[in-house]
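Colleague: After the structure tokens below, expect a handful of questions from me.
Quick note: the coordinates plus some simple rules give every number you see, no bench work behind them. Bear in mind that the values here come from a model prediction, so they are computed numbers and not experimental data. Positions of Cβ are backbone-derived with ideal geometry, glycine not excepted, and every protein chain shown enters the neighbour counts.
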Amino acid sequence: MDTDKLSQNIRRRFDHNQAKRVLREKYQAKMLFALSGGLWCAGPELITHCNLCLANAHFQPVLLDTHGNPVKVDAEELKTQALQRWQEQMNAWHAEHAELRKQR
């Protein structure tokens, strides 16, 4: 009987799925950055879009930021910033996730 209560107490104290959700929200918020008068969320979609714009270098791209505002951007600078932010945050997220898995 005491073992069951102890197990329930441990489950309540550390809900692994909840901890993963909190960690995800924390790092999703850190993916945001401002550049060229817009607010951007670093990620594979933005990086790929910048690569497409760079492949068609005959025009200066206008992209929608996270608020849906059209912003004229330097695709190379935006790509560099997005890639740097993405990699920094993913490395930190991975390290914290590894620690979280150890606690489980």
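Colleague: Going down the list 26/79; 5/30; 5/26, which pairs span over 28 Å between their C-alpha atoms?
Modeller: Distance filter (> 28 Å) returns 5/30; 5/26.
Colleague: Could you run the Karplus curve 6.51 cos²θ - 1.76 cosθ + 1.60 with θ = phi - 60° over the range 56-72 and give me ³J(HN,Hα) per residue in whole Hz, x for Gly and Pro?
Modeller: Once θ is set to phi - 60°, the couplings for the range 56-72 become 10, 6, 6, 9, 8, x, 10, 10, 8, 7, 5, 8, x, 8, x, 10, 6 Hz.
Colleague: I've got another one for you. Measure nothing fancy, just the Cα-based angle from helix 44-55's long axis to the longest principal axis of the chain, in degrees from 0 to 90, nearest 10.
Modeller: Taking the Cα atoms of the chain, the angle to 44-55 is about 20 degrees.
Colleague: Can you check what the net charge comes to around residue 88, using other residues whose Cβ is under 14 Å from the Cβ of residue 88 (Lys, Arg +1; Asp, Glu -1)?
Modeller: Local net charge: +2.
Colleague: Here's a follow-up. Could you quote the convex hull projected area for the chain, Cα atoms only and averaged over all directions, in nm²?
Modeller: The number I arrive at for the chain is 7.9 nm².
Colleague: Taking only Cα atoms, what is the 0 to 90° angle, nearest 10, from helix 75-103's long axis to the longest principal axis of the chain?
Modeller: Roughly 10 degrees, rounded to the nearest 10.
Colleague: Just want the ordering: 36, 7, from fewest to most Cβ atoms lying within 10 Å of their own Cβ.
Modeller: 7, 36
Colleague: Give the residue from 27, 52, 75 lying farthest towards the positive end of the charge dipole for the chain; charges sit on Cβ (+1 for Lys and Arg, -1 for Asp and Glu) and the dipole is referred to the Cα centre.
Modeller: 27
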